[in-house]
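*Asks:* Here you go, one structure.
No value in this document is a laboratory result; all are computed from the given coordinates. Because the structure is a prediction, the values reported are computed rather than measured. Glycine gets a Cβ as well: all are built from the backbone with ideal geometry, and neighbour counts include every protein chain shown.
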Ligand code: T1G
């Protein structure tokens, strides 16, 4: 059980005060942590027995930055009165005693800014440091726009802020962001005058001359605008950096009256507040938590079960999908058996895995030796002889029901009784795939998106029989191979989905027939169908599909299920899926979040207008807003408040 957010304090026998940021798991800077940090620092400065101060993090990490929950709860500074930057200056940078940050794990955002407020940084191997605030639609708010350029140079600092990418300990040392000695000794050396005491807010030795510095900022502005012309906050970040360059770091910061205050001129504070007021910020914070919430599945991750390690995973089929899945697994250190039906196909599959890894080497994402070691983890096979060693099998062969049924029956015989049997099908009912086995409880859908080693989403499809343990294990595997999982229910709509996708996407109709049916309602479909049968009996085929849907009360959106079901657990899952699989822009927060931001009334109005526009061509019905959308608009209700249906 994690303790309350705070910072602990002790003074060791050498007169070093150690302040430890404490808020498991990543020491996020909750206002209580900041308050404790500043008050302990004040105590240390006032204590004559203290010669130097070391700031560190409890556990494995220094700090992942400001507590992002505070943005959601809209409590803003959470009671910090707008003087965080003043407090960092007084408590860490320019108090009577020297301060050293001892960094391990991550120092991100506000965490790195606290570390930069200290007079030196000592960084452990494997540590990662960065300012990823722009990824949340805000800008560094605790002095990062002023201190980072002065520590690592303007160009590198801008790159780090605009890309949000962290750097590793070794690079930090090379750049001058880290000082390489042991923290305690370094603090004592500064106190004794044996090592320089750096004030990163005011030093200027790494900054280019004014004209050159402004040109660097201008270039970065053009680049940022080209990369994402919709986004304002990167320009706000550059505004803050520029203000610090023209007026000096202290002046740039002086105008900042704290994290969320709108007081002051064009300093970091104002730019922060301007960024924080944008919808982009709300959308990106939503996506941050939505991505993490997909890993929590009610009744599964809270059931007190432990995920079993997936050490050996077999992949059936070495085509584009199978080889991509094998690559993703091997990259995560999993031993892979890649099975094909003949040597020629197997050679092709292995070749594709090799090519995937070679492309990573070419892009500088991994060393050749690491690629060789990864490839060595993939063993080819033409039979099931070694399948007894598998913790899991992922089938990725062609979409053929009898073939898959045969394969799953073979797998049941070849694998241990506890092995997970997963299918990558995107179109076939998972229950049907496992119909010829007695292994339904360990059959699950593991739906990757192509190319599987690159696309970040993994849809985990559970049937009514899939056990909690199997869902949990597959969730854990998704984490291990760095995929964002979304757990969805099994639905025969997969096939329907495909037909709709072909007609709507490739053929160009705005909406597929099954989707349209769900929008209009199967009851209407039945009524219209009967009219057709009566009037044009020789020209229609009498299908039992629509009457069956009516019998099952699957009338479409009005009853929450039609051809399609509601198959996701929460609206945020749809947001994550739309961002990860459809390329929906993350800064808009995902499909449902965006719709709520825009508001149901605006969407209804736009759809009505389209409906009117296309009515003369007989296509008005395609755009007619459904009852759910209309009722949400009329009641001023959020769409996410009642979303149950997924129609990706
Ligand atoms: N605040 C609150 N919770 C956080 C958090 C944060 N900053 N960072 C992580 N968590 C939670 C996360 O929700 C999850 O919770 C758990 O920690 C583990 O995270 C003033 C304003 C640190 C690299 O943007 O990049 O400082 O789901 O599952 O893969 O200028 O989390 O378990 O309940 O992601 O090992 C800037 C965000 C803040 C860093 C760890 N900082 N975090 O990754 O585990 S704004 C960031 C991360 C700021 C200042 C500004 C990653 C991580 P739960 P996880 P992980």
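*Asks:* Would you mind ranking 588, 147 by Cβ crowding within 10 Å, fewest neighbours first?
*Replies:* Working: 588 22, 147 29.
Ordered from fewest to most neighbouring Cβ atoms within 10 Å, 588, 147 come out as 588, 147.
*Asks:* Take the alpha carbon atoms of the range 6-277, find their radius of gyration, then divide it by 2.2 N^0.38 Å using N residues; give the quotient. The partial results should precede the final answer.
*Replies:* Values: Rg = 17.2 Å, N = 272, 2.2 N^0.38 = 18.5 Å.
Relative to the rule-of-thumb radius for its length, the range 6-277 sits at 0.93.
*Asks:* Which order do peptides 150-158, 109-117, 461-469 fall in by mean Cβ count within 10 Å, highest first?
*Replies:* Numbers: 150-158: 21.3, 109-117: 29.2, 461-469: 18.9.
Packing order, densest peptide first, comes out as 109-117, 150-158, 461-469.
*Asks:* Give the Rg (one decimal place) followed by the Dmax (whole number) of the range 98-210, computed from C-alpha coordinates and expressed in Å.
*Replies:* Rg, Dmax (Cα atoms, Å): 13.2, 43.
*Asks:* Show me the ranking of peptides 371-382, 272-283, 615-626 by mean Cβ neighbours inside 10 Å, starting with the highest.
*Replies:* Top of the packing list down: 272-283, 371-382, 615-626.
*Asks:* What are the extents of the Cα atoms of the range 599-648 along their three principal axes, listed from largest to smallest and rounded to whole Å?
*Replies:* 35, 22, 14
*Asks:* Something else: So for the range 343-395, what percent of the C-alpha to C-alpha distances run longer than 12 Å?
*Replies:* Numbers: 969 of 1378 pairs.
The share of Cα pairs beyond 12 Å in the range 343-395 comes to 70 percent.
*Asks:* Here's a follow-up. Given just the C-alpha atoms of the range 289-359, how large is their convex hull per residue in cubic angstrom? It would help to have the intermediate numbers written out before the result.
*Replies:* Values: hull volume 8.9 nm³, N = 71.
Taking the convex hull of the Cα positions in the range 289-359, it is 125 Å³ per residue.
*Asks:* Give me the compactness ratio for the range 163-244, meaning the Cα radius of gyration over 2.2 N^0.38 Å. The partial results should precede the final answer.
*Replies:* Details: Rg = 17.1 Å, N = 82, 2.2 N^0.38 = 11.7 Å.
Against the compact-globule rule of thumb, the ratio is 1.46.
*Asks:* What FRET efficiency comes out for residue 73 versus residue 482 if R0 is 35 angstrom and r is the Cβ-Cβ distance? Round to the nearest 0.05.
*Replies:* Using R0 = 35 Å, I get an efficiency of 0.75.
*Asks:* Highest first, please rank the peptides 417-425, 88-96, 324-332 by the mean number of other Cβ atoms sitting within 10 Å of their residues.
*Replies:* Numbers: 417-425: 22.0, 88-96: 19.3, 324-332: 25.8.
Ranking the peptides 417-425, 88-96, 324-332 by packing returns 324-332, 417-425, 88-96.
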